[in-house]
Structure formats: structure tokens, C-alpha cells
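Structure record follows, encoded as C-alpha cells.
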């Protein structure tokens, strides 16, 4: 089943959106709450649609909550209520703001979310960074060549006694100049430890600061991996590994496949669909929501990163999933069939 264009909301979803508007508007009376509970209890599908739409909305607002709200401990309902009230003052339709559970109206939160999908706002202070769908190469101060994947960011620390690249988000591929003629060792740092170049060319991936591990693929020569806890291992050419702060684990992934993003491809060999979707998120300016059941499905295949619509079509044609596209592509919902 291929990805479908934006559908009109069905009557139950229309009602759920109306309830969402009231629920987070700050104008919900006790009588309204009683009617809302009665609506939820009237049919199992009411509860299912309500959870799907309200859960998606909470996720969207949660991403920008710390920036939009000066009180970090404010209830999520307050954040949404403020945004909805602001939208109403500016003449925007609150139901339209919530349509498809995608908060992309003309409010501060919506603007921030949309801006983040273009360029990760948490990484604006990075020394080098890329936006959504952007791959870019850089020449480092020592002459080494660095390629950043989409939505990636690094900080640089170069001096007479050090050559360090700190990966803050995303993925990189580096052609490092060897430590000779007085050059200090070349290192890539992550929250889990360090990768010291013993050779020249390797890739490193870290999705974000909360990722459980760092992935490394050795394309030429070797690197030494060292965890924060001190565990160390040499990774030889043609091998891949991942490590957390404590230990290092070999991976059965070809480094060439891991680094296929450099040529705009995603090569997948028995990996969870959730990982595939995470890779596609870096190349799509909208939002992608995937259910836990669908995320656990195993995937094989090659997908074009620069054409996520075609990738969704291919995934929907080969896996037991449904792919629905809302808001002219700004929201994609993937669920197990």
C-alpha cells in the first residue's frame, strides 16, 4: 500500500479536534469535562482517536516547550492553551491549528517547530552544522576533510597539541590527515567516549545527546575506540562497532552501508523500521510519527534519502504498515496494518 495524500478528517477526528481546542483553551468548564468524558465512553473508537491525536500534539509541543514557556514546570496544557490563545488573538482558526494534530499555525511554538525542522535550533551555536536534507563538506584547520550528514553538528578544538572534533548530533565522515610531521593525534569525541584515528577514513553517527550509543564504521586503516569508563579497542578496516559509556560491541554492518548517506542513499540490512524512519527524519522538513509496533518491524532495502515520499511508498509496499500523509506532507503517520 503506497503513501496516501492528505485525507479529509472523518467525523470522529473532527469531533476530537473540537475537543482538543476546548480542552487546551483554558475555557473548559466542569460541564464541558463531563460531556468530554461521556463522548470518550460512547464508543471505543472515540478513545482511540483522542489518544492518537492528543498524543501527537503533546509530542509536537513538548519539543519546543522549554523555549516557548518561561516556566519549565508549567503543565503541558498551559503551553498549548497559551499557544491557542495567541493564535486566536492573531485571527487564526484554532481548529485549523490542531487539524491532523500538527501544530503549525502562526504561533511561537508552531514557528519554532517549523524552524527546527529546517535547522535544529539546539545546534545553532555549533561550529559547523547542517540543516534538514543538507549534506556539506568542510576542510578542517589541519587540512583534513569532513563531511556532515543532514541535521548534524560538530564543535572544533584544534591547537598545537590537539585535533579534536566533537560530534553533537547526526553523523560525520572524515578523511583525517595522519599524525605525522608533528601533527597531534586526530580524535572525534562523542558523549560516550572518543575515536582516535590510527588511519584515515571513517564514519561516526550519533543521533542526539540522549542516544544510547555511538556508531563507528572503519573505511580505511583503523581507529581506536575508548569509552568514558576506559574500555578500549582497535577497530580495523572493514569493521563496524558501537559503544556506550561502558562497553564496545561489534556490529554486523558493512561500513560502506553505514556511510551510504554520503551518496544520498540509505542501505538497510535487517534493521528496525524505527531506525529507518529516524534516518529519513533528517531529510524531511515535516514530522514523522511511528507506532511502537511498526517501529519494531525489520527492514531490508535501499532508499533514496533525498526523496522520502518515494521511500515511504516503497516501505508501505513491502511491509505490513499503513502510511498516511497529512497537511500536504507536514505530518506522516506510520502504523502497523
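Please order 203, 232 by the number of other Cβ within 10 Å, starting at the fewest. Could the numbers behind the result be given before it?
Details: 203 25, 232 13.
In increasing order of surrounding Cβ atoms, one gets 232, 203.
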task: State whether region 113-182 is rounded, prolate or oblate according to the following rule on the C-alpha gyration tensor (a ≥ b ≥ c being the square roots of its eigenvalues): a/c under 1.5 gives rounded; otherwise a/b larger than b/c gives prolate, and the remaining case gives oblate.
output: prolate
- line: Of all DSSP beta bridges with both partners in region 264-336, the antiparallel percent, nearest 5, is 75
Cα gyration tensor, region 264-336 - rounded (a/c under 1.5), prolate or oblate: oblate
field: region 136-256 shape via C-alpha gyration tensor axes, a/c threshold 1.5
entry: rounded
message: I need the peptides 140-148, 30-38 ranked by packing, meaning the mean over residues of other C-beta atoms within 10 angstrom, with the highest value on top.
response: 140-148, 30-38
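Between residue 327 and residue 222, how high is the FRET efficiency from 1/(1 + (r/R0)^6) when r is the Cβ-Cβ distance and R₀ = 41 Å? Nearest 0.05. The partial results should precede the final answer.
On the way: r = 47 Å, r/R0 = 1.16.
Calculated value: 0.30.
Quick check on region 136-256: of the DSSP beta bridges with both residues there, what percent are antiparallel, nearest 5%?
On the way: 48 of 52 bridges.
Antiparallel bridges: around 90 percent, rounded to the nearest 5.
Sorted by average packing, counted as other Cβ atoms within 10 angstrom per residue and highest first, what order do 40-51, 323-334, 212-223 take?
Values: 40-51: 14.0, 323-334: 19.2, 212-223: 20.7.
Result, highest mean Cβ count within 10 Å first: 212-223, 323-334, 40-51.
Under the definition of Cα pairs under 8 Å and six or more residues apart, what whole-number percent is the relative contact order of region 264-336? Walk me through the numbers on the way to the answer.
Working: 111 pairs, mean separation 27.4, N = 73.
Relative contact order here is 38 percent.
Express in nm, to one decimal, how much length is gained between residue 158 and residue 310 on full extension, taking 0.36 nm for each residue of separation and deducting their alpha carbon distance. Present the calculation step by step, with values, prior to reporting the outcome.
On the way: separation 152, 0.36 × 152 = 54.72 nm, distance 4.13 nm.
Between residue 158 and residue 310, full extension yields 50.6 nm more.
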message: For a quick check: sort 265, 124 by the number of other beta carbons within 10 angstrom, fewest at the front.
response: 124, 265
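Given a cut-off of under 8 Å on Cα pairs at least six residues apart, what relative contact order in percent is computed for region 132-178? All intermediate terms of the calculation are to be shown ahead of the outcome.
Details: 81 pairs, mean separation 17.1, N = 47.
The value is 36 percent.
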query: Given Cα pairs under 8 Å that are at least 6 residues apart, what percent is the relative contact order of region 211-337?
result: 18
query: In whole angstrom, and with the biggest value first, how far do the Cα coordinates of region 198-337 range along each principal axis?
result: 48, 28, 25
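Only the coordinates and a few stated rules stand behind these numbers; no lab work does. Treat the numbers as computed from the prediction; the structure is a model and nothing was measured. Please note: Cβ atoms are built from the backbone with ideal geometry, for glycine as well, and neighbour counts cover all protein chains shown.
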